[in-house]
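Since every read-out is calculated from the coordinates, none of them should be taken as a lab result. Just so you know, these numbers come straight off a predicted model, no measurement behind them. Heads up, the Cβs are rebuilt from the backbone with ideal geometry, glycines too, and the neighbour counts pull from every protein chain shown.
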Amino acid sequence: MREGRSLAGKILYYALALLSAQLVAACSDDKPAADRTKAEQAAAAKPEPAARQHAKLIVAFGDSLYAGYRLNQGEGFAPELQRALIAQGVDASVHNAGVSGDTSAAGLQRLAFTLDGLPRKPDLVIVGLGGNDMLRGISPSETRANLDAILAELDKREIPAVLTGMLAAPNLGKDYAEAFNAIYPDLARKHDVPLYPFFLKDVVGRRNLMLEDGIHPNAQGVDLIVQHVAPVVAGRLAGAVAQAGS
């Protein structure tokens, strides 16, 4: 695939690949995939081991893009982000609360359980949901309401957040895309949280950075994503510390 392909073209490639994969999965008895999802759910709810005393506890709360789908242990978004933050001088412990297949509604349902299962209140929650909503054609108004409720719960608990966004595939139509794409910047402004607009920026559509399914990033793709996201997370942590001390 040409590197110069437009962003819209890359998103279309991503969407079509994922929709095709979902159709194949729906027609097969993929027990290993189901087992992986159960394992991810258990891991997302499992309390973190005793963290280093002064480490910042960060929760990566999302879907398969966060969960490290089909990657080796230590290659997913959460462990790579932890290493990147430590390399930048931020003592961080990143808890992987990504579950493959989660919609925004499923995320909202498990949010309180995930937070209450941690050893202490996290210093930051990174929220990355909505991609599965878009690819299933769920109404953008429902996605907006669920993400709004997730961020409102974090506000209520006085937990700082970062929001990572998704973009609608062009084949879903202009009206859908306009309604869906507005969700993330609107909610970021409403809840005063930093936004990384498109989680798969510079990765989607590049075969050398994606798994064979053309859907999820491989280890190299995750590395690039983390390079982009880590400064946003570090900045939010620094801002939260400054705000707490003011």
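Would you mind checking which residues have amide H under 5 Å from TYR196's amide H? H placed 1.01 Å from N; only 5 or more apart, or other chain.
LEU163, THR164, GLY165
For the stretch 76-132, rounded, prolate or oblate, judged on the Cα gyration tensor with a ≥ b ≥ c (square roots of eigenvalues), a/c < 1.5 rounded, else prolate if a/b > b/c?
Oblate is the answer for the stretch 76-132, as a/c is 1.5 or above yet b/c matches or exceeds a/b.
Using the Karplus curve 6.51 cos²θ - 1.76 cosθ + 1.60 with θ = phi - 60°, what ³J(HN,Hα) values do you get for each residue of the stretch 164-169, in whole Hz, with x for Gly and Pro?
Couplings: 10, x, 10, 10, 6, 5 Hz.
Taking square-rooted eigenvalues a ≥ b ≥ c of the alpha carbon gyration tensor, is the stretch 84-222 rounded, prolate or oblate, where a/c under 1.5 means rounded and, failing that, a/b exceeding b/c means prolate? Write down the numbers at each step before the final one.
Working: a/c = 1.73, a/b = 1.15, b/c = 1.50.
The shape class here is oblate.
Give the long-range amide H neighbours of SER93: residues separated by 5 or more places, or on another chain, with amide H under 5 Å away, using H modelled in the peptide plane at 1.01 Å from N.
It is LYS56, LEU57, ILE58, by chain and number.
Which whole-Hz ³J(HN,Hα) couplings does the stretch 180-194 yield from phi under the Karplus relation 6.51 cos²θ - 1.76 cosθ + 1.60, θ = phi - 60°, glycine and proline marked x?
These are the phi-based 3J(HN,Hα) values: 6, 5, 6, 4, 5, x, 4, 6, 4, 5, 4, 9, 6, 10, x Hz.
Let's test the formula: R0 of 22 Å, r as the Cβ-Cβ distance of LYS174 and ARG136. What FRET efficiency results, to the nearest 0.05?
The formula returns an efficiency of 0.70 here.
Measuring from centroid to centroid over Cα atoms, what is the spacing of the stretch 184-246 and the stretch 129-161 in Å?
16 Å
Whose amide H sits under 5 Å from the amide H of ILE126, counting only residues 5 or more places off or on another chain, with H placed in the peptide plane?
The answer is VAL59, ALA60, PHE61, VAL162.
Got a sec to turn the phi values of the stretch 114-121 into Karplus ³J(HN,Hα) couplings, 6.51 cos²θ - 1.76 cosθ + 1.60 with θ = phi - 60°, whole Hz, x for Gly and Pro?
The phi angles translate into 5, 5, 5, x, 7, x, 7, 5 Hz.
Kindly identify the stretch 174-246 as rounded, prolate or oblate by the Cα gyration tensor criterion: order the square roots of the eigenvalues as a ≥ b ≥ c, call it rounded if a/c is under 1.5, otherwise compare a/b with b/c, prolate if a/b is larger, else oblate. Intermediate results must be reported in sequence, preceding the final value.
Numbers: a/c = 4.50, a/b = 1.37, b/c = 3.29.
It comes out oblate by the Cα gyration axes.
Sort THR143, THR164, THR103 by Cβ crowding within 10 Å, fewest neighbours at the top. Mind showing how you got there, number by number?
Numbers: THR143 25, THR164 29, THR103 21.
Placing the least packed residue first, the sequence is THR103, THR143, THR164.
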